[in-house]
Amino acid sequence: MTQQSTSYQGNKVRLYIGSALLFISIFTTATIDGILILLCILTPFSVRYKIATAWCSLVVWMTKFFCGLGYEVEGLEHIKGLDAAIVLSKHQSAWETLALRHILPTQTTLLKRSLLWMPLWGWALATLRPIAIDRENQRAAMRKLLDEGTVCLKEGMWVVIFPEGTRTAPGEEKKFGAGGAMLAQKSGYPVIPIALNAGEYWPRYSFLKYPGTIKVKIGPAIESQGRKAADINAEAEAWIRQAMQDISTH
């Protein structure tokens with residue numbers, strides 16, 4: 001149990017009501033948004049992307065309204081002026097999968113292919129140009145990331161990757177996968193590391209969302225031209241781990 005969840009035991013009724021209202025609102029609006037995106041399947045990508053991003057922004061707002069959970073971002077100056085970049089982000093909850101689309105420029109996300117099989121929501125997600133991979137076939141997955149990721153970067157889309165591969169609990173660390181760093185080595189685009197402590201307020205596998213302020217820390221661009229993937233990955237991982245120590249509250 002996180003520090004936030006322990007300190008909020010005194011008002012369980014409000015906690016459960018707020019979390020329930022958020023769940024119902026996300027489910028309802030996601031369904032409407034998914035239908036709208038599919039109805040716009042023949043329109044330009046930019047139209048579908050704006051609809052999806054508007055929903056992500058709405059969820060961020062609803063999280064604050066129903067649960068008292070907001071966020072603050074440090075380091076936005078590090079992404080100004082960049083045409084495109086590869087984001088290597090900490091992954092603790094579902095919150096950042098939505099909020100980063102709200103915070104960062106036009107982007108694609110590396111995700112597991114099975115997510116696209118979900119009726120309606122997955123189908124809508126498939127129209128937003130994700131880099132969907134089969135994790136069981138690592139060689140093919142890497143090839144797809146490098147090929148599609150490079151194309152997206154050249155088109156001005158940011159590529160968001162969670163290098164630990166899955167959500168981690170607060171205080172937990174997993175070895176970074178090499179995919180994002182290899183994409184940086186191949187493409188020459190910079191890496192932007194991001195640390196965040198969303199899991200302290202929006203725990204993985206938990207229905208409850210706790211009030212507070214999620215901290216998002218964006219690091220300086222890590223140059224990739226002329227560098228090996230292992231060095232790029234090590235620098236990003238070291239920065240994120242240090243930043244997590246700075247922003248974690250537990």
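The values are calculated or read from the model by the stated rules, or taken from the named source; none is laboratory data. Quick caveat: nothing in here was measured; it's all calculated off a predicted structure. Please note: Cβ atoms are built from the backbone with ideal geometry, for glycine as well, and neighbour counts cover all protein chains shown. Just so you know, the surface numbers come from the protein's heavy atoms only, side chains and all, with ligands and any DNA or RNA stripped out. Shrake-Rupley method; radii C 1.70, N 1.55, O 1.52, S 1.80 Å.
To keep it simple, each residue is scored yes or no on (1) within 19 Å of residue 238 (Cβ to Cβ); (2) open to solvent by less than 30 Å² (accessible area, probe 1.4 Å); (3) among the basic types (Lys, Arg).
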{"residue": "143", "(1), (2), (3)": "no, no, yes"}
{"residue": "159", "(1), (2), (3)": "no, yes, no"}
{"residue": "168", "(1), (2), (3)": "yes, yes, no"}
{"residue": "174", "(1), (2), (3)": "yes, no, yes"}
{"residue": "179", "(1), (2), (3)": "yes, yes, no"}
{"residue": "182", "(1), (2), (3)": "yes, no, no"}
{"residue": "195", "(1), (2), (3)": "yes, yes, no"}
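Being on the phi > 0 side of the Ramachandran plot and touching an Asp or Glu at 6+ places or on another chain (Cβ under 9 Å) is the filter here, so list the residues in segment 113-153 that pass it.
Across segment 113-153, the qualifying residue is only 129.
Taking into account only those residues within segment 197-233 that are in a helix (DSSP H, G or I) and either at positive phi or aliphatic (A, V, I, L, M) (or both), which is most open to solvent (accessible area, probe 1.4 Å)?
Here the residue is 230.
Looking only at segment 216-239, decide whether some residue is without any contact (Cβ under 8 Å) to a residue 60 or more places away in the chain and under 30 Å from residue 17 (Cα atoms).
Within segment 216-239 (the criterion being without any contact (Cβ under 8 Å) to a residue 60 or more places away in the chain and under 30 Å from residue 17 (Cα atoms)), the answer is no, since none of the residues qualifies.
Quick one: count up the residues across segment 112-150 that are closer than 27 Å to residue 39 by Cα and either in contact (Cβ under 8 Å) with a residue 12 or more places away in the chain or in a helix (DSSP H, G or I) (or both).
22
Only residues that are of a type in the set (D, E, K, R) and open to solvent by 50 Å² or more (accessible area, probe 1.4 Å): list them for segment 74-132, please.
Just the residues of segment 74-132 that are of a type in the set (D, E, K, R), to begin with: 74, 77, 80, 83, 90, 96, 101, 112-113, 129.
Answer for segment 74-132, where residues must be of a type in the set (D, E, K, R) and open to solvent by 50 Å² or more (accessible area, probe 1.4 Å): 74, 77, 80, 83, 112, 113, 129.
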